[in-house]
Amino acid sequence: QKEVEQDPGPLSVPEGAIVSLNCTYSNSAFQYFMWYRQYSRKGPELLMYTYSSGNKEDGRFTAQVDKSSKYISLFIRDSQPSDSATYLCAMSRSGGSYIPTFGRGTSLIVHP
Amino acid sequence: GAVVSQHPSWVICKSGTSVKIECRSLDFQATTMFWYRQFPKQSLMLMATSNEGSKATYEQGVEKDKFLINHASLTLSTLTVTSAHPEDSSFYICSARDSGLGSGYTFGSGTRLTVV
């Protein structure tokens, strides 16, 4: 079992839809949780980062962390074609090394 | 925000030659930088941790003599793919952590290497 599991998709939705992207993990030591967006042939761009459990909102994006279930989510409201990209979750341990462990990414397609 | 510049963005080289990729932190100092490799539709695979002024730390299975890393200053790390072969063709990405952003890492734009 991989430390971080993420469905690669693709996930195809119509413009304006609410998108839900998810990751599960097995290591209870993870404390920091991140979501990155990666366009084709580009480096990942940090979208959201959260510490421990809870919700965090930034514009159309909401990140949720449920440590009891080892499950994290990223919600995108009013999705746009420009949101079409691969979304990678990442997480790291507290203290010591902060090197994140990445999921394989979910390909999102928002069609007009 | 933190910016990491990576060059070149793409390179084509002949088999047997060496290629150098540069990674610079533009507005912050990075004592540690990271080099990743990414295959199509796959996640980022950490290759090595680049430490300023000391030897890099390589992940298991990564040939340190093939992938030479130099971190000579607080803002520059280089990855040299030596004696490149077609199987080295991939997308290489560097990243660094700006402590002001908590645990979030900033990535370079990546380098697509094609060995022919």
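In a shell of Cβ-Cβ distance under 10 Å around A:I18, excluding A:I18 itself, what net charge do Lys and Arg (+1) and Asp and Glu (-1) give?
Cβ neighbours under 10 Å give a net charge of +1.
By residue number, which cysteines of chain B lack any other Cys whose Cβ falls under 4.7 Å from their Cβ?
B:C13
Using just the C-alpha positions of chain A as equal point scatterers, what log10 of I(q)/I(0) does the Debye formula give at each q in 0.14 1/Å?
Log10 I(q)/I(0), no solvent term: -0.52.
Give me a single rounded figure for B:80-91: the average over its residues of other chain Cβ atoms within 10 Å of their Cβ. Kindly include the intermediate steps, with their values, before the conclusion.
Details: counts 0, 0, 0, 0, 0, 0, 0, 0, 0, 0, 0, 3.
For this peptide, the per-residue mean of nearby foreign Cβ atoms is 0.
Test of the criteria: in the range A:10-91, which trypsin sites (Lys or Arg not before Pro) are in a DSSP loop and have at most 12 other Cβ atoms within 10 angstrom of their Cβ?
A:R41
Within 10 Å of each Cβ of A:37-43, how many other protein chain Cβ atoms are there on average?
5
For chain B, report the convex hull volume of the alpha-carbon atoms normalised per residue, in Å³, without decimals.
97 Å³
Sequence-distant or interchain residues sharing an amide H contact under 5 Å with B:A56, placed H: which?
Those lying under 5 Å, H to H, from B:A56 are B:N51.
In Å, what is the Rg of the alpha-carbon atoms in the range A:1-64, and how long is Dmax?
13.2, 37
What is the percent of Cα-Cα separations in the protein assembly as shown that go past 31 Å? Spell out each step's value before the answer.
Numbers: 5645 of 25878 pairs.
Result: 22 percent of Cα pairs exceed 31 Å.
Since every read-out is calculated from the coordinates, none of them should be taken as a lab result. Quick caveat, the model's predicted, so the values are computed rather than measured. Heads up, the Cβs are rebuilt from the backbone with ideal geometry, glycines too, and the neighbour counts pull from every protein chain shown.
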